[in-house]
Number of protein chains: 2
Amino acid sequence: MPENFELLAADLHSKARRGRLSTAHGVIETPAFIPVGTQGSVKGVSPRELRELDAQIILGNTYHLFVRPGLDVIKHFGGLHKFVNWDGPILTDSGGYQIFSLAKLRKITENGVEFQNHVDGARAFISPEIAMEIQRALGSDIVMALDECVPYPCEYDYAAQSAEMTTRWAKRCKQWTKENAERSTSNAQRPTSETDSINSQLSTLNQLLFGIVQGATFENLRKASAQQIVELDFDGYAIGGVSVGEPEEEMMRAVESAEPFLPGDKPRYAMGLGTPPQLLEMIGRGMDMFDCVLPTRLARNGTAFAAAGTLNLKNAEFILDKNPIEENCACPACREFSRGYIRHLIKAEEILGLRLITLHNLHFYLNLMNGVRTEIERGTFDQFRKAFVAEYKTRDAVTVE
Amino acid sequence: MPENFELLAADLHSKARRGRLSTAHGVIETPAFIPVGTQGSVKGVSPRELRELDAQIILGNTYHLFVRPGLDVIKHFGGLHKFVNWDGPILTDSGGYQIFSLAKLRKITENGVEFQNHVDGARAFISPEIAMEIQRALGSDIVMALDECVPYPCEYDYAAQSAEMTTRWAKRCKQWTKENAERSTSNAQRPTSETDSINSQLSTLNQLLFGIVQGATFENLRKASAQQIVELDFDGYAIGGVSVGEPEEEMMRAVESAEPFLPGDKPRYAMGLGTPPQLLEMIGRGMDMFDCVLPTRLARNGTAFAAAGTLNLKNAEFILDKNPIEENCACPACREFSRGYIRHLIKAEEILGLRLITLHNLHFYLNLMNGVRTEIERGTFDQFRKAFVAEYKTRDAVTVE
């Protein structure tokens, strides 16, 4: 069986890597940014627009989709790709993060998590096996193991026990996937009149399963978690439990503590972050994949990303500004519209305003990763990183989900 | 000077007309539907999408634009076309309707209307002359005279006095336009380094001015108003004060009462309506142009238009529905997305949901007008109208602004 991940180049001055990850719905050039489509839609943009932005992969939140519209609906439509009309790669999380941040009345046991969802309060239970079943039904190309994401700050003892349980859960996810590989194959060969159904099942044959490293902000726990998870042999490795409110240095240390124990020939995914400079720092620390709500969420508040830092288009300084959000930007917003007009739209609460900033922000993130890939190939990534970080100013307080 | 309006065909079985209206920014084939871009944006859609939907003209609301972002801003950007990045024809209303429906503490005198705007409560005054000045600054292709739009129901005496004042205001609008035609010309010839500025001023040279017939629901007032307004010789004639809450028969009668007194060689514009069957009935009564917020407003509530009537996509019956909103519809939503997915988006309050229904609804209205134009040319409009109205069922209560 050919390897899913190919390393194309490595930076000499940092741990940055240039790679290529093959999935059932296409290839992802890394480092890669994954736009977040929480409820089956990247907020404010259409699949056609995502394709035009050269998005390589999108993320779906298992918890949200499980709660609404529910698995039966998505199965009926032949899986998440067909439901949302996106035929590129999809990564789904395990649902764990949202159960711990959104759901009510959580009860965590060795077996799994019982919770009440935040939409209609219905009770549900997710175990590692159920998380795998759900993501199998969604038909995502990259599936995440169920983990417990502890909050920040977190007591050492709790973090240690939790990380160990996450390892045991990861093992059960891996086990389920092994046991159910065959079932999936036989399903695919089962005669059926619906082409939809065949395609959906064929794609599930090639789901990649990523394990998640936890351990909060404790170096030895991060190391132990990485070693245990790697021991289980996943298709890729994620660093979870970062960008949960900890200081940026803690976030960097969490990644630095785990990274040396991750195999070089598998993709590494830093979950749920971050600002543009954070992404570059993470890439310099050996991370390959990122997802973050910042570009879409801040857009809805009128904040745009630019090489010089964020700008809040609500500010009065932009009222008469005929310039695009960013000079020489090739995004659909900058090609056609002025800051002044976009400011008016945001102030008047016109949907087009947040649409245009969302397009710009996603383009900014995707284009930044595109640039990073070239810089790594050229061996100039580390200079690029330093120059970018020095230039970039965060003018408005930004918080990640 | 060539005529702006050309009659291409007339229906033998109704008063329907097929025409062509030339404006400074392009030709409008009539009957035509005008998408409403209240605050400088047709809610939820981009100019590019409007072009792809074959929208021929959009409407801007003078009152809203005057209040926010304000005239100075739009002038600075070289007029409304440049500000909103729409190079096709734009029609602006006079602001009267919104002053009477949205603004606070109105004081109407012969001279004009004093009011407090609904956004920041600032006081302002609009006279017929100021309404003309504002629309000149906006640079719209079709300019509406300032009128008083009385509510429904309305006392006969008030309606009579109001309609007569509307005539006197119309005369002042016409007078202002005459007196300021020259100034506009000399502006256009003034040497200037900014191409923007030249283009903007060239376009104002050819602003068409439409008069508005009032008279509430009283036949003799509608007749008198039409005669007085026509006497003043405008480029086109609008029926105002309809679709303000009156029963549909009253709306039809108001149009029927005025129409015989409108010249056949000028375009007729029924303002602020209506449902698809109402449009067909109005076309059969000799109307050529329409604007209405229904397709965009109802979309935001999950209601889609179809030949068989409206459907509310929030309904549970659509949860598993793999069909497009309407079979064989060529709109961007129906080409790519299912009712079930769009329902999910609307229930989950995802912006893409209202975007898709808005695109569908605008396409429905624009495509209906396109079909009507062909039917008139073929001489089959009246059969088409009857069949369409018989087939169409309004399943949900709909109200026009």
Legend entry - Amide H contacts under 5 Å for B:ILE239, placed H, 5+ residues apart: B:VAL213, B:TYR269, B:ALA270, B:MET271
Legend entry - Solvent-accessible area buried by pairing A with B, both sides, nearest 100 square angstrom, 1.4 angstrom probe: 3600 Å²
Inset, instruction - Between copies, how far apart are the A:GLU336 label points? List them in nm, one decimal, shortest first, with each point 7 Å from Cα toward Cβ, please? - result: 1.4
Legend entry - Positive minus negative residues near B:TYR341 (Lys, Arg vs Asp, Glu; Cβ under 12 Å): +2
Inset, instruction - Find every distance from the label point of B:GLY379 to the corresponding label point in the other copies (7 Å from Cα along Cα→Cβ) and write them in nm, one decimal, shortest first. - result: 8.1
Inset, instruction - When you have a sec, figure out the Kirkwood radius of segment B:196-310 from all distinct Cα pair distances and drop it here in Å to one decimal? - result: 15.4 Å
Inset, instruction - Throw me the Rg/Rh for the protein assembly as shown, computed over C-alpha atoms with Kirkwood Rh, two decimals. - result: 1.04
Inset, instruction - Note the distances from B:LEU232 to each other copy's matching label point, with points 7 Å along the Cα-to-beta-carbon direction, in nm, sorted shortest first. - result: 7.8
Inset, instruction - Could you tell me which residue in chain B puts its beta carbon nearest the axis mapping B onto A, with the distance rounded to whole Å? - result: B:ILE351, 3
Legend entry - Cβ-based charge dipole, segment B:252-375, positive-most Cα from B:ASN315, B:MET289, B:CYS334: B:ASN315
Legend entry - Kirkwood Rh in Å, taken over segment B:24-152 so that all alpha-carbon pairs contribute: 15.1 Å
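To the nearest whole number, what is the average tally of beta carbon atoms from other chains within 10 Å of the beta carbons of peptide A:343-350?
5
Net charge near A:LYS386, counting Lys/Arg +1 and Asp/Glu -1 over other residues with Cβ under 12 Å of its Cβ?
Net local charge, A:LYS386 excluded: -3.
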Legend entry - Members of B:LYS107/B:LYS174; B:LYS223/B:LYS266; A:LYS15/A:LYS386; A:LYS223/A:LYS266 lying beyond 20 Å, as alpha-carbon distances in this model show: B:LYS107/B:LYS174
Inset, instruction - Ignoring everything but the protein chains, give the 1.4 Å probe accessible area of B:VAL143 in square angstrom, nearest 10. - result: 10 Å²
Legend entry - Nearest-0.05 FRET efficiency for A:LYS322 and B:THR380, computed from C-beta distance (R0 56 Å): 0.65
Inset, instruction - Would you mind telling me the antiparallel percentage of the DSSP bridges in chain A, rounded to 5? - result: 45 percent
Inset, instruction - Please list, or write none, the aspartates and glutamates whose alpha carbon is within less than 16 Å of the alpha carbon of B:LYS171, excluding same-chain residues fewer than 8 places away. - result: B:GLU110, B:GLU129, B:GLU133, B:ASP147, B:GLU148, B:GLU179, B:GLU231, B:ASP233, B:ASP235
Legend entry - Most positive-pole-ward Cα, B:VAL372, B:ALA124, A:ILE351, against dipole of the protein assembly as shown from beta carbon charges: B:ALA124
Inset, instruction - Let me know the Rg and Dmax you get for segment B:216-256 when you use only its Cα atoms, in Å. - result: 10.7, 31
Inset, instruction - Give me the accessible area per residue for the protein assembly as shown, probe 1.4 Å, as a whole number in Å². - result: 39 Å²
Inset, instruction - Amide H neighbours of B:GLU326 under 5 Å, at least 5 residues apart or on other chains, H built in the peptide plane: list them. - result: none
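Viscosity 0.692 mPa s, temperature 37 °C: Stokes-Einstein D of segment A:31-104 from its Kirkwood Cα radius, in µm² per second?
The estimated diffusion coefficient comes to 258 µm²/s.
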Legend entry - For chain B: Kirkwood Rh in Å [reciprocal of mean 1/r, alpha carbons]: 21.6 Å
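What order, most packed first, do the peptides A:168-180, A:291-303, A:99-111, B:34-46 have when packing is the mean number of other Cβ atoms within 10 Å of each residue?
On the way: A:168-180: 18.5, A:291-303: 21.5, A:99-111: 14.3, B:34-46: 24.1.
Those peptides, ordered most packed to least, come out B:34-46, A:291-303, A:168-180, A:99-111.
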Inset, instruction - Provide, as a two-decimal number, the C-alpha radius of gyration of segment A:273-391 over 2.2 N^0.38 Å, N being how many residues it has. - result: 1.09
Legend entry - With every protein chain in place, the protein assembly as shown: carbon and sulfur % of accessible area (1.4 Å): 48 percent
Inset, instruction - Compute the accessible area of each residue in segment A:65-96 twice, once for its chain alone and once with every protein chain present, using a 1.4 Å probe on heavy atoms, and list those whose area falls by at least 30 Å². - result: A:ARG68, A:VAL73, A:HIS76, A:PHE77, A:PHE83, A:ASN85
Legend entry - Evaluated at q = 0.20, 0.22, 0.30, 0.34 Å⁻¹: base-10 log I(q)/I(0), Debye formula over Cα of segment A:1-44: -0.76, -0.83, -1.05, -1.15
Inset, instruction - Find out how many positive minus negative residues lie around B:GLU3, taking Lys and Arg as positive, Asp and Glu as negative, among other residues whose Cβ is under 11 Å from that of B:GLU3. - result: -1
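The values are calculated or read from the model by the stated rules, or taken from the named source; none is laboratory data. The structure displayed is predicted, hence computed values, not measured ones. Every residue, glycine among them, receives a Cβ derived from its backbone with ideal geometry; neighbour counts consider all protein chains shown. For accessibility, only protein heavy atoms count, side chains too; no ligands or nucleic acids. Shrake-Rupley method; radii C 1.70, N 1.55, O 1.52, S 1.80 Å.
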